[in-house]
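One structure below.
We did not get these values from a lab; they are worked out from the coordinates using the rules stated. Here the structure is a predicted model, which is why all the values come from computation and not from measurement. Virtual Cβ from ideal backbone geometry, glycine too; neighbours counted across all protein chains shown.
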Amino acid sequence: MATTLDKVDVVTVGVGWTGGIIAAECAKAGLKVVGLERGKDRNTADFLMVHDEYRYAMRYDLMQDLSKETITFRNHRKMRALPMRQMGSFLLGEGLGGAGTHWNGQTWRFLPYDFEIKSMTDKKYGKNKLSADYQLQDWGITYDELEPYFDKFEKTAGLSGEDKNPFGGKRSSPYPTPAMKKTPILKKFETATSQLGYTPFMLPSANLSEAYTNPDGESISACQYCGFCERFGCEYGAKTSPEITVVPTARKTGNFDVRFHANVVEVMKQGNKVTGVKYIDTQTGEEYIQPAEVVALTSYVMNNAKLLMVSGIGEQYNPETQKGTLGKNYAYQVLPGTTGFFDEQMNVFMGAGSLGMTIDDLNGDNFDHSDLDFIHGGSISMTQTGTRPIQTNPIPPDTPTWGAEFKKASIYNYTRTLNVSTEGASMPHKENFMSLDPDYKDAYGVPLLQLTYNFTDQDRNLHKYLTAKTSDIMKEMGAKTVMAGSPITNYDIVPYQTTHNTGGTIMGASPDNSVVNNYLQHWNADNLFVVGAGNFAHNSGYNPTGTVGALAYRAAEGIINYSKNGGSLV
Amino acid sequence: MAVDKKGLSRRDFLKTTGIATGALVGGGLIGGLVGYNVQKEGQVAGTGGHNGVGGEPAAVNNRGLMFFTNMAEFNVLAQAVERIFPEDDLGPGAIGLGVPYFIDNQLAGNYGSNVKEYMQGPFFAGESTQGYQSRLTRGEIFRQGMVRMDEEAKIRFEKNFVDLEGQQMDEIITAFQKNEVDMKGVSSEFFFKLLRQATLEGAYADPIYNGNVNMDAWRMKEFPGNQMTYIAEIENEKFVKYEPKSLSSMEH
Ligand SMILES: Cc1cc2nc3c(=O)[nH]c(=O)nc-3n(C[C@H](O)[C@H](O)[C@H](O)COP(=O)(O)OP(=O)(O)OC[C@H]3O[C@@H](n4cnc5c(N)ncnc54)[C@H](O)[C@@H]3O)c2cc1C
Ligand code: SF4
């Protein structure tokens, strides 16, 4: 029998960026918030010996324990879905801060185009630019409406950047801190892309260029360019993360309590309201019910969708009929890119997770697609994140992958190789979706989430086009050997790509085609908020967290309003 | 196996000591040889002796087998990883870097027993895009792999794997890579990928894991290991060389 606890105002499921932001805003507004986090407590003191590629980057020390829970995966409906038994394509977070502890910090605002992609595509290219198999739709909110929330997230994060992107949406204020240092490697990219007629600018970074105190009074240190950022925690507290910003802000109000080792298994529902959540204390095995006025699902794309599915909230998407909204519009990204081999040695091992320069000329609808067989595009960057020796063994074409020749080539080229890479946007397709797996269960007996996903023609065409562009840039940069990335075929869950999973619990203007409204409030239960990249109706040519952060601030405002007035917020 | 001009290769050792190859097989001596290149340097893995902070290299070798119980299997591992990452004029190969011990030690822990992996059934072979689908743990896969490599050596060349010429070893490793060898519960191609990956991990991981002895792999690659900051050099146009540092220098 589950023990029923005292009711609170708000419960968040998971305490990463989204859970942390909601906790901070609601606790500041006087609401009593409980954060249920299935991982453990952690902070900067845990990262003093973090420069360990093997433990953290190869064995995923900070990430989700898949022995307890994973997802199942198949490329298409006719294939048998099987568990993702070890981490690969994306790296799920776990513990205080979630994936916000071990992210890079490349922090973007999606383009104005992204939020109105359907209307703008139809208007410019006619209704048949993409086939009806692509479930393109507007987000039910415009960039201008979301701008104040972007601004708020950037100030919380202390973002370092320069306002030089001619294609970016309008900003109400400059970046809180100046851009990071422009290194010789970045300058090579800057010169080459300028020469090709593009407009390079410094990538907006949550690795701060200087020490900063945010509006909540939290301080973030200056980045040391240590090169151990992606997949690692920052030992300096220089990489903005929930556990050094929003979580302490929430805690110091006295209104926030985090419970660790608390694995939520169900959202409780009665009529058209949710009443709280059921969780298991993973250290004792005891079951608890935490009643709450408001439930906020902040457990990342996969678990937000799964919890709704196992709790029977909303209608599951059916790919046959294209009816139902829960689980639909799952999207990912493609990564067109080119490797260049140079003669001179470069300090590739120095760097930071968001140290980079970018061009946006080939992202969104910033270029004409009339004669192209795809829409959208991607941001093209040169990043200097600190290449690590186990994972970085660059070899020119036709070099064997092991043995004497491999050893010589991989060692020689380690300090002589650069990559121009793209975050390529991905459009929703009717055959790409999330559902519940009928066969496999997690450690608590709850079904695993099932992913049915493959790259589509749109992805392949976009990939091909942008790969050629990255190759041109690399040639202009003067590489001795230019090796363009291979064309993509089927999506593969094994190699790491990005942790930029989107969709499944999408937002929109109508319950007919979305799960939540533009306050991230569930259409079927007005005291339930579902927050994260799962809200994206499609994926863009950027990293997601800037937009996720903005949406979390929007949701927090919604929750506070709802607590005062109740009802639907739209 | 490449011949190190300063030290002795396994083959040289066999010649100069005059010990018949067969007499070694299954005995402890080849096991001793695996560590031979390491010890000639007067260095011991796991103590981070060269970091400039930790003082004199420790005199005690605490290295030993934690997973393999059969020296013949361990010796197959040692020779196979050396073929993948051989000693050459740049510096030591996998054996000199302690990779066989690294792998052995990892197999004895979380890595070898797939502690963080989803290992519930049912198991099906799956498509290549679906990744790891074996009911076997990495420890079980490695052990089977060593046995199968030795069996292949006997089938193809009527010799033990460790007694083969380098090219013959390569032929067998390539057969695994191309999925031409039968294994139970796992494909030989998958086993090869694990073996190659573990070799690189052992070569380039921090020496606290008993590989990358003396940080020599980092030195070859000019990766500086665990440096606290590059803020002073990040804008330097020139390539900057560092004496590498291990994490062990931080535990003081
Ligand atoms: C290696 C890496 C690099 C990245 N780099 C970037 C980048 O440069 N730029 C960018 O924009 N984004 C980046 N990301 C993505 C970014 O980290 C995520 O977008 C962001 O952290 C998502 O925040 P979230 O709150 O939605 O989810 P998470 O951070 O995943 O937090 C969810 C939390 O919920 C908990 N939880 C899940 N299920 C349950 C349950 N049932 N019960 C209780 N708790 C639960 C989890 O333990 C976790 O702590 C990166 C991600 C990774 C892994
Ligand atoms: S690169 Fe900068 S932000 Fe990243 S871990 Fe190092 S000091 Fe922290």
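Observations, loosely collected:
- B:ALA175-B:SER249 pseudo-label distance in nm [points 7 Å out on the Cα-to-Cβ vector]: 4.6 nm
- Euclidean distance between Cα centres, region B:126-156 to region A:402-468, Å: 25 Å
- Cα gyration tensor, the protein assembly as shown - rounded (a/c under 1.5), prolate or oblate: prolate
- Neighbourhood charge, 14 Å Cβ-Cβ cut-off, centred on A:TYR332 and excluding it, Lys, Arg +1 and Asp, Glu -1: -3
- Ascending count of other beta-carbon atoms within 10 Å, so fewest first, for A:LEU36, B:LEU65: B:LEU65, A:LEU36
- Counting Cβ atoms of other protein chains within 10 Å of each Cβ in A:385-398 and taking the mean gives 3.
- For region B:131-236, the relative contact order comes to 16 percent (Cα pairs under 8 Å, sequence separation of at least 6).
- On full extension, the segment bounded by A:GLU431 and A:THR199 gains 79.9 nm, given 0.36 nm per residue less the C-alpha separation.
- Percentage relative contact order, chain A, counting C-alpha pairs under 8 Å, at least six apart: 23 percent
- Averaging Cα coordinates gives a centre for region A:519-537 and one for region A:190-230; these two points are 31 Å apart.
- Cβ-Cβ FRET estimate between A:ALA509 and A:THR399, R0 fixed at 41 Å, reported to 0.05: 0.20
- Taking Cα centre as origin and charging only the Cβ of basic (Lys, Arg, +1) and acidic (Asp, Glu, -1) residues, the dipole magnitude of chain A rounds to 420 debye.
- Charging the Cβ of each Asp and Glu at -1 and of each Lys and Arg at +1, and nothing else, the dipole of region A:412-570 about its Cα centre rounds to 520 debye.
- Within region A:132-170: backbone nitrogen closer than 18 Å to the A:ARG77 label point (7 Å, Cα to C-beta): A:132-136
- Ranked by the mean number of other Cβ atoms within 10 Å of their residues, highest first, the peptides A:435-441, B:191-197, A:322-328 come out as A:322-328, B:191-197, A:435-441.
- Three-way shape call for region B:148-215 based on the alpha-carbon gyration tensor, with the a/c threshold at 1.5: oblate
- The alpha-carbon of A:LYS7 sits under 19 angstrom from the alpha-carbons of these lysines, leaving out residues fewer than 8 places away in its chain: A:LYS28, A:LYS32, A:LYS269, A:LYS273, A:LYS278, A:LYS564.
- Prolate/oblate/rounded call for region B:80-236, Cα gyration tensor, a/c under 1.5 rounded: oblate
- Other protein chain Cβ atoms within 10 Å, averaged over every residue that makes up A:402-413: 6
- With the simple spin-label model, which puts each label point 7 Å out from Cα in the Cβ direction, the B:LYS184 to A:LYS155 separation comes to 6.7 nm.
- Ordered by the number of other Cβ atoms lying within 10 Å of each residue's own Cβ, fewest first, A:MET268, A:MET427 fall into the sequence A:MET268, A:MET427.
- For B:GLY126, neighbours were defined as the other residues whose beta-carbon sits under 10 Å from its Cβ, and their charges (Lys and Arg +1, Asp and Glu -1) total +2.
- Fewest-first ranking of A:PHE228, B:PHE123, using other Cβ atoms within 10 Å as the exposure measure: B:PHE123, A:PHE228
- With 30 Å as the limit, the listed pairs A:LYS164/A:LYS475; A:LYS68/B:LYS184; A:LYS40/A:LYS441; A:LYS164/B:LYS241 have A:LYS164/B:LYS241 beyond it between alpha carbons.
- Cβ-Cβ FRET estimate between A:THR191 and A:ARG171, R0 fixed at 25 Å, reported to 0.05: 0.40
- Each residue, A:GLU320 and A:ASN43, gets one label point 7 Å from its Cα in the Cβ direction; the gap between the two is 5.4 nm.
- Per residue of chain A, the DSSP helices (runs of n ≥ 4 H) give a summed -39500 (n - 2.57) that works out to -6500 deg cm²/dmol at 222 nm.
- Protection proxy ranking, highest mean first, for peptides B:201-208, A:559-566: B:201-208, A:559-566, where packing is the per-residue count of other beta-carbon atoms within 10 Å, averaged.
- Among beta bridges that DSSP assigns inside chain A, antiparallel share in %, nearest 5: 65 percent
- Peptides ranked, highest mean first, by Cβ atoms within 10 Å: ranges A:524-535, A:118-129: A:524-535, A:118-129
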